[in-house]
Amino acid sequence: MISDISIGQYFTGNSFLHKMDARMKFILVFALLVFVFLCKSFFSLALMVVFTVFAVILSKVPFKMVLKSIKPLVIIILFTALLNIFYTTGGTTYFEWHSLKLTEKGINTAIFMAVRILVLVVISSLLTYTTTPTMLTDAIERLLSPLSVFHIKVHTLAMMMTLALRFIPTLVEEIERIMNAQKARGAELETGGLIARSKALVPIFVPLMVSSFRRAYELAFAMTCRCYTGGEGRTRMKQMKLKPRDFIAAVFVAALLAGVLVLNHFFEAVI
Amino acid sequence: MTPAVEVRNLTHYYLKGTENQVAAINNINLSVEKGETLGIIGHTGSGKSTLIAHFNGLLKPDEGEVLVDGKNIFESKETLRQSRFTLRQSRFKVGLCFQYPEYQLFEETVYKDIAFGPKNMKLPQEEIDRRVLTAAGMAGVRKENLEKSPFDLSGGEKRRAAIAGVMSMEPQVLVLDEPAAGLDPAGRRELINMIKNYRRATGCTVIIVSHSMEDIASVADRVCVLNKAEIAMLGTPKEVYTRDEELRSMGLNVPEITRIFIMLKKRGLDVPADVFTVDDAVASIRKLSERGKA
């Protein structure tokens with residue numbers, strides 16, 4: 001069903017990671033993603049894995065939830081691993097069949113790539129698990145605010161993002177409602193060829209568009225009524241403040257970078 | 001006689017399989033006779049809308065079965081289709097009209113929108129034309145509006161056009177979910193009269209979901225009260241509305257006029273407690289005053 005889509009999946013909690021400043025989290029997650037690509041040897045990657053597991057434990061998000069975020073990507077991970085296994089060659093050859101060659105280097109690269117993607121996914125999903133969408137867009141707004149020098153309206157962009165996120169569940173609900181109403185009038189949505197099916201979408205999308213515009217007008221009106229005039233001179237109820245724990249995290253991540261670089265230097269590179 | 005719609009031990013869960021699983025409707029047994037008008041009343045979240053979405057197979061029961069015209073609609077794909085329409089008899093079985101049906105309008109003209117259902121039934125053009133005009137007449141869609149865009153109509157007119165869109169399929173059972181929600185008193189009255197006329201003209205089974213006691217009282221033969229996913233009461237309006245205290249504990253109200261009469265009775269006046277409409281009230285007060293004179 002469409003309602004299974006979960007975007008901005010936030011896991012309510014009160015852990016160290018939850019309490020961190022969203023801006024710092026954003027920057028650190030970005031840095032960590034870069035570190036993952038800096039890893040050259042299995043040892044440096046292993047350090048990243050250990051750190052990731054540590055971060056998951058620290059966030060108190062259940063492992064089951066984390067696995068759920070990996071689930072949709074399993075096919076992609078397997079696919080990249082499979083490609084790498086056969087397309088990278090070098091080292092001892094274990095098995096050969098026509099042009100396909102299974103080599104030591106191929107296997108190493110495949111494992112390396114798979115683990116790398118896993119770490120990337122888990123780290124970035126930790127960000128959304130421990131930060132509410134509102135906090136996240138707030139952080140983006142603050143981080144991008146230097147761009148206003150170039151007359152880019154950062155606040156407006158952030159507001160649009162917040163609103164878009166907010167209305168996803170509403171629209172999903174709306175689509176389901178309209179689909180049911182048209183099905184009750186005998187619309188066939190699940191049968192027929194491509195043309196018949198795309199034609200069947202008209203009775204769904206016209207009402208959806210109409211009500212989206214109606215909603216947009218109503219929302220704009222409601223915001224105007226509450227004196228919303230954009231970002232200028234707007235203050236916040238929740239001030240973002242960097243606390244000691246944010247600096248501790250930053251130092252920790254910096255130490256991690258050092259560790260990755262040292263391990264890269266002393267051990268053999270896989271890729 | 002086989003009932004028009006029957007549900008047996010019907011249960012439907014929301015968020016099934018998660019920790020938050022709740023029964024939206026729990027072990028419901030209900031049968032609706034042919035030609036009857038049944039009112040379904042309940043507090044918000046009592047399971048009314050979930051229940052009616054089972055009548056034409058939009059929702060699948062987790063337990064129990066749904067019989068339309070004596071046939072289990074989930075028996076096969078074919079029976080499920082037939083619950084929406086039977087091609088051979090070109091007769092729609094259960095026509096479901098959702099809450100705020102005006103949000104389903106999409107065609108260029110009102111006429112085309114009303115014709116959407118019959119067209120899906122693959123009826124010949126003359127038959128479609130006949131049905132559109134009949135349904136438009138019954139639902140009170142004015143002739144000059146038929147060629148207008150549905151988005152140019154007023155709220156009440158849109159509502160009527162959307163209801164006509166369901167009526168034009170000439171269902172054996174017409175299910176209306178909160179047909180009068182959001183209309184002004186005049187629009188409400190018109191709508192209730194429209195439903196009454198429809199019944200008189202077609203003799204079809206009508207099921208109305210509402211939380212307005214007044215509306216239900218004036219049209220329904222029987223009333224089914226849902227509370228916390230279960231049927232709390234089932235009977236004629238008279239049987240149900242005299243259980244004033246119980247209804248209130250479920251967050252429902254008896255019609256205002258009934259409450260006045262119940263209070264009058266408590267104060268020792270010799271009036272009946274089963275008055276649901278103002279007309280009845282006037283009549284019984286007249287009777288009382290005539291008796292007083294005599």
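The values are calculated or read from the model by the stated rules, or taken from the named source; none is laboratory data. These numbers were taken from a predicted model, which means no experiment stands behind them. As a convention, Cβ positions derive from the backbone with ideal geometry for all residues, glycine included, and neighbour counts pool all protein chains shown. Keep in mind that these areas ignore ligands, DNA and RNA; they rest on the heavy atoms of the full protein, side chains included. Shrake-Rupley method; radii C 1.70, N 1.55, O 1.52, S 1.80 Å.
Some observations on this one:
- Residue within the stretch B:37-59 that is in contact with a Gly (Cβ under 6 Å, 6 or more places away or on another chain) and open to solvent by less than 10 Å² (accessible area, probe 1.4 Å) present: no
- Within the stretch A:241-271, the residues that satisfy the criterion of being part of a loop (DSSP other than H, G, I, E, B) and either open to solvent by 70 Å² or more (accessible area, probe 1.4 Å) or not assigned by TED's automatic domain parsing to the domain that holds A:Met113 (or both) are A:Lys241, A:Leu242, A:Lys243, A:Phe267, A:Glu268, A:Ile271.
- Test: residue in the stretch B:85-97 that is within 12 Å of another protein chain (Cβ to nearest Cβ), among the small types (Gly, Ala, Ser), under 24 Å from A:Glu174 (Cβ atoms) and touching a Cys at 6+ places or on another chain (Cβ under 8 Å): no
- Unique residue being assigned by TED's automatic domain parsing to the domain that holds A:Val50 and in contact (Cβ under 8 Å) with a residue 60 or more places away in the chain when the list is A:Leu120, A:Leu102: A:Leu120
- Subset of the stretch A:154-168 that is open to solvent by 50 Å² or more (accessible area, probe 1.4 Å) and touching a residue at least 60 places away in the same chain (Cβ under 8 Å) - its residue that is nearest to B:Tyr103 (Cα to Cα): A:Ile168
- Considering only residues in the stretch B:199-251 that are polar (S, T, N, Q), at pLDDT below 85 and assigned by TED's automatic domain parsing to the domain that holds B:Ile25, the one that is nearest to B:Gly47 (Cα to Cα) turns out to be B:Ser212.
- Taking each residue of the stretch A:124-143 that is at negative phi and looking for partners that are modelled with pLDDT of 90 or more and charged (D, E, K, R) with beta-carbon atoms closer than 8 Å, six or more apart or interchain, yields A:Leu127/A:Lys25; A:Thr130/A:Lys25; A:Thr131/A:Lys25; A:Ala139/A:Asp21; A:Ala139/A:Arg23; A:Ala139/A:Lys25; A:Arg142/A:Arg23; A:Leu143/A:Arg23.
- Extreme residue, modelled with the highest pLDDT, among residues of the stretch A:81-133 that are hydroxyl-bearing (Ser, Thr, Tyr) and open to solvent by 70 Å² or more (accessible area, probe 1.4 Å): A:Tyr87
- Matching entry among A:Phe54, A:Phe37, A:Phe43, A:Phe30 (being open to solvent by 70 Å² or more (accessible area, probe 1.4 Å), assigned to a helix (DSSP H, G or I), closer than 16 Å to A:Thr131 by Cα and aromatic (Phe, Trp, Tyr)): A:Phe30
- Considering residues of the stretch B:136-149 that are farther than 17 Å from B:Phe98 by Cα and assigned to a helix (DSSP H, G or I) only, the residue most open to solvent (accessible area, probe 1.4 Å): B:Lys143
- The set of residues in the stretch B:153-177 that are open to solvent by 10 Å² or more (accessible area, probe 1.4 Å), within 13 Å of chain A (Cβ to nearest Cβ) and either touching a strand residue (DSSP E or B) at 6+ places or on another chain (Cβ under 9 Å) or over 13 Å from B:Tyr111 (Cα atoms) (or both) comprises B:Gly155, B:Glu170.
- Restricting the stretch B:92-116 to residues that are out of contact with any Asp or Glu (no Cβ under 6 Å at 6 or more places or on another chain), in a helix (DSSP H, G or I) and not aromatic (Phe, Trp, Tyr), the residue that is surrounded by the most Cβ atoms within 10 Å (Cβ to Cβ) is B:Ile114.
- The listed residue being over 27 Å from the mean Cα position of the chain (by Cα), farther than 30 Å from B:Lys60 by Cβ and open to solvent by 60 Å² or more (accessible area, probe 1.4 Å), out of A:Glu188, A:Glu232: A:Glu232
- Condition check for B:Gly182: in the same structural domain as B:Gly117 (by TED's automatic domain parsing) and at pLDDT 90 or above: no
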